[in-house]
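Working notes, beginning with the structure itself.
The values are calculated or read from the model by the stated rules, or taken from the named source; none is laboratory data. Remember, predicted model here, so these are calculated numbers, not experimental data. Cβ: placed from backbone, ideal geometry, glycine included. Neighbour counts: every protein chain shown. Note: areas computed on protein heavy atoms with side chains; ligands, DNA, RNA excluded. Shrake-Rupley method; radii C 1.70, N 1.55, O 1.52, S 1.80 Å.
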Amino acid sequence: MRFQAILLVVAVQTAQGLLRSALVSPGKAVSVSIEYSGAADAIDELSQELRKAKAAAIWCDDVDAVKCFAAEQATAKGDFPGPLPVVYTGADRQNAMDAGAAAVVADAGEDVSVAPVIWRVTADNAADAAVAADESDAYLFDAEETAAVVAALPAKAVAVASIAAMQEDEA
């Protein structure tokens, strides 16, 4: 039993390391991820194109979409470019992890039973979240709060700013 617990800790640390390397670009380059919201049909071609375009990760809030993206990305294992991590932003976290999500998003302070987690923070709670978390954690926040949130986070934390790039009328 003790051996299994050690393996689980190592697996979680490895998953966090892989996620970190996908979200953090070398130097000061900005990495770009895409959030997908839509039906889970015809995802394979989109998934391939996102990988070829060198997206950092794919974010989505639908478990079926996670399953489709993760399955297609797995076909790129050992290739260049390699598979992108799929990050789940919805509430059905365990099923998303079972479907192949590399990480889940949860509000700071929320009790979450899966890992790795990207903590959703605001300028108001970023400092408290950073105190309670690990230096290697990742944090998601609205881009308008970047200065305040980044100032409150540990220096080595992964900071992910969310920018609404789609226009209201989807044009």
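Structural remarks
- Taking (1) farther than 19 Å from residue 133 by Cβ; (2) modelled with pLDDT under 95 in turn, residue 107 satisfies each apart from (1).
- Annotation for region 87-97: at least one member residue is surrounded by fewer than 13 Cβ atoms within 10 Å (Cβ to Cβ) and within 30 Å of residue 151 (Cβ to Cβ).
- For residue 102: the one exception among (1) more than 22 Å from residue 64 (Cα to Cα); (2) in contact (Cβ under 8 Å) with a residue 12 or more places away in the chain: (1)
- Only residues that are more than 24 Å from residue 119 (Cα to Cα), in contact with a helix residue (DSSP H, G or I) (Cβ under 9 Å, 6 or more places away or on another chain), open to solvent by 60 Å² or more (accessible area, probe 1.4 Å) and of a type outside the set (S, T, N, Q) were counted in region 46-70, giving 1.
- Of all residues in region 11-37 being in a helix (DSSP H, G or I) and of a type in the set (S, T, N, Q), the one that is modelled with the lowest pLDDT: 13
- Residue 131 being farther than 22 Å from residue 55 by Cα, open to solvent by 30 Å² or more (accessible area, probe 1.4 Å) and of a type in the set (A, V, I, L, M): yes
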